[in-house]
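This report concerns only the one structure given below.
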Amino acid sequence: MHYFDYRDGELFVEDVSLNRLAAEVGVPAYVYSARTLRRHFTVFDQAFAGTDHLVCFAVKALSNLSVLRLFAAMGSGFDIVSRGELMRCLRAGADPRKIVFSGVGKTADEITAALKAGILMFNVESGPELYQIAEIARGLKMRAPVSLRVNPDLDPGTHPHISTGHRTSKFGVPLSQLAAYYTRARDLKELELVGLSTHIGSQITEPGPFREAGQKLAEAVRAILAQGVQLKYLDLGGGVGVPYQDESVELGDYAAAILGPLRGLNLTFIAEPGRVIAGNAGVLVTRVLYVKETDVKRFIVIDGAMNDLIRPALYDAYHAIWPVTKRPDAALALADVVGPVCESGDFFARDRMLPLPRPADLLAVMGAGAYGFVMSSNYNSRTRPPEVLVDGSHWHIVRERETFDDLIRGEKLVELKPNGQ
């Protein structure tokens with residue numbers, strides 16, 4: 001559940017009116033609910049009750065410093081995929097011993113920074129990466145804690161761009177080669193083999209793929225233990241979906257499905273949720289500029305755009321769109337909701353039945369907390385919106401709206417002669 005609801009026809013986030021908030025901070029704007037973030041983290045954590053586990057929030061889903069600090073205060077660990085995300089976590093007060101570094105392309109600088117920070121472990125995805133980490137650890141006179149990420153070769157049935165567990169994916173090492181990888185890793189004295197990891201994809205709303213992943217992981221763990229490798233952690237990844245539209249997601253079913261085959265292994269389980277915690281905790285508030293009628297289509301043109309929220313253009317993703325103020329006289333109409341960017345892919349909804357708004361009305365694009373601001377850009381030289389965190393009746397601007405000076409920071413004007421000489 002989330003804490004966005006109507007009161008006398010006006011949309012509130014917790015105890016704050018979105019109309020009032022928009023008047024104060026302007027639009028477009030990202031608005032997050034702290035109460036929703038807390039609740040979703042707690043419910044996810046409780047799904048693993050009775051097991052030795054660590055929840056590591058996936059920073060790539062929502063990386064604002066204040067949000068990370070909120071999770072750190074709740075005891076969360078963090079799943080990171082870059083040095084920038086490492087620095088964000090440390091700045092927010094995260095315990096580095098609860099940070100897991102994932103990703104297929106870690107650079108030498110990133111590995112060095114993570115080793116010096118004292119992170120929990122690296123999720124290693126290839127042989128060359130294994131040797132790179134060992135070489136850097138040798139130079140630092142350290143031992144690097146590593147976990148091999150296995151590709152279980154299964155199809156979770158999600159969008160191809162966010163499916164990571166099939167054999168042709170760039171992620172992980174093949175299940176058939178896992179034993180050989182552990183043999184290689186064991187020969188590298190600079191490495192401490194601490195775990196096994198996997199991640200099969202995102203926005204998975206059925207327990208079946210997780211059950212299959214758990215079964216394959218259980219077999220792999222037993223084979224590794226038979227080699228004499230003493231593991232501490234089993235990283236289950238993330239991937240649990242959120243109900244953007246009419247999906248049904250039960251965290252209890254997810255946990256039971258993936259943990260069922262893994263009972264009795266005496267390992268600490270690590271989970272890396274991102275979307276399921278942050279997705280429905282945020283909205284993008286926008287204003288209607290025009291309602292354009294043609295002989296074949298109706299377009300609701302808003303001031304938000306694909307540079308603010310790219311998921312519909314990138315994944316054809318569905319986001320519910322709610323009026324910030326309900327008007328009893330608003331007729332339902334079929335329309336496309338589009339932005340001002342000069343791309344046909346700049347849309348938020350196509351052929352959607354909506355209460356027909358008027359120019360200057362506010363709309364809330366729901367479910368925008370995950371992979372929203374973090375994937376935003378300055379395309380068309382548009383400044384990025386602010387991020388606002390609401391907690392009860394209080395709200396805080398946790399990232400200022402960008403200015404033109406922000407937009408051109410780092411650029412230099414070079415005077416070149418017209419004839420090129």
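The values are calculated or read from the model by the stated rules, or taken from the named source; none is laboratory data. A quick note: this is a predicted structure, and the numbers were derived from the prediction, not measured. Positions of Cβ are backbone-derived with ideal geometry, glycine not excepted, and every protein chain shown enters the neighbour counts.
A few notes on this one:
- Residue list for region 189-225, filter: of a type outside the set (Asp, Glu), under 18 Å from VAL173 (Cβ atoms) and out of contact with any Asp or Glu (no Cβ under 9 Å at 6 or more places or on another chain): LEU191, LEU193, VAL194, ALA213, LEU217, ALA218, ALA220, VAL221, ARG222, ALA223, ILE224, LEU225
- Near pairs, Cβ below 7 angstrom, 6+ apart or cross-chain, from region 349-377 (part of a helix (DSSP H, G or I)) to any residue that is among the aromatic types (Phe, Trp, Tyr): PHE373/TYR30
Yes/no per residue for (1) modelled with pLDDT of 75 or more; (2) part of a strand (DSSP E or B); (3) among the polar types (S, T, N, Q):
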residue: LEU148; (1), (2), (3): yes, yes, no
residue: ASP153; (1), (2), (3): no, no, no
residue: GLY165; (1), (2), (3): no, no, no
residue: TYR181; (1), (2), (3): yes, no, no
residue: LEU193; (1), (2), (3): yes, yes, no
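- Members of region 170-211 that are acidic (Asp, Glu) and closer than 19 Å to MET142 by Cβ: ASP187, GLU190, GLU192
- Close contacts from region 49-76, counting a first residue that is in contact (Cβ under 8 Å) with a residue 24 or more places away in the chain and a second that is assigned to a loop (DSSP other than H, G, I, E, B) and hydrophobic (A, V, I, L, M, F, W, C), with Cβ to Cβ under 6 Å and a gap of 6+ residues or different chains, come to LYS60/VAL81; ALA61/ALA370; LEU62/ALA370; LEU65/ALA92; LEU68/ALA92; ARG69/ALA92.
- When ALA313 is tested against (1) part of a loop (DSSP other than H, G, I, E, B); (2) small (Gly, Ala, Ser); (3) assigned by TED's automatic domain parsing to the domain that holds ASP8, exactly one condition is not met: (1).
- Criterion violated by HIS319 - all others in (1) part of a loop (DSSP other than H, G, I, E, B); (2) farther than 17 Å from LEU11 by Cα; (3) under 27 Å from the mean Cα position of the chain (by Cα); (4) not polar (S, T, N, Q) satisfied: (2)
- Identity of the residue in region 228-253, at pLDDT 75 or above and exposed (fewer than 13 other Cβ atoms within 10 Å of the Cβ), that ends up farthest from ASN280 (Cα to Cα): GLY228
A quick yes/no check of all residues on (1) outside any strand (DSSP E or B); (2) on the phi < 0 side of the Ramachandran plot; (3) touching a strand residue (DSSP E or B) at 6+ places or on another chain (Cβ under 8 Å):
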site: GLY214; (1), (2), (3): yes, yes, no
site: ALA223; (1), (2), (3): yes, yes, no
site: GLY238; (1), (2), (3): yes, yes, yes
site: GLY252; (1), (2), (3): yes, yes, no
site: ALA255; (1), (2), (3): yes, yes, no
site: LYS292; (1), (2), (3): no, yes, yes
site: MET306; (1), (2), (3): yes, yes, yes
site: LEU309; (1), (2), (3): yes, yes, yes
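- Scanning region 46-95 for residues that are charged (D, E, K, R), surrounded by fewer than 18 Cβ atoms within 10 Å (Cβ to Cβ) and either touching an Asp or Glu at 6+ places or on another chain (Cβ under 7 Å) or closer than 19 Å to PHE373 by Cβ (or both) yields ARG69, ARG91.
- Residues satisfying the stated conditions in region 47-73, i.e. of a type outside the set (Val, Ile, Thr), in a helix (DSSP H, G or I) and modelled with pLDDT of 95 or more: LYS60, ALA61, LEU65, SER66, LEU68, ARG69, LEU70, PHE71, ALA72, ALA73
- Filtered residues of region 253-293 (kept if free of Cβ contacts under 8 Å to residues at least 40 places away in the same chain and either assigned by TED's automatic domain parsing to the domain that holds ARG211 or among the hydrophobic types (A, V, I, L, M, F, W, C) (or both)): ARG263, GLY264, ASN266
- Matching residues, region 1-36, being of a type in the set (A, V, I, L, M, F, W, C), closer than 19 Å to ALA360 by Cα and either assigned to a helix (DSSP H, G or I) or free of Cβ contacts under 8 Å to residues at least 12 places away in the same chain (or both): PHE12, LEU18, LEU21, ALA22, ALA23, VAL25
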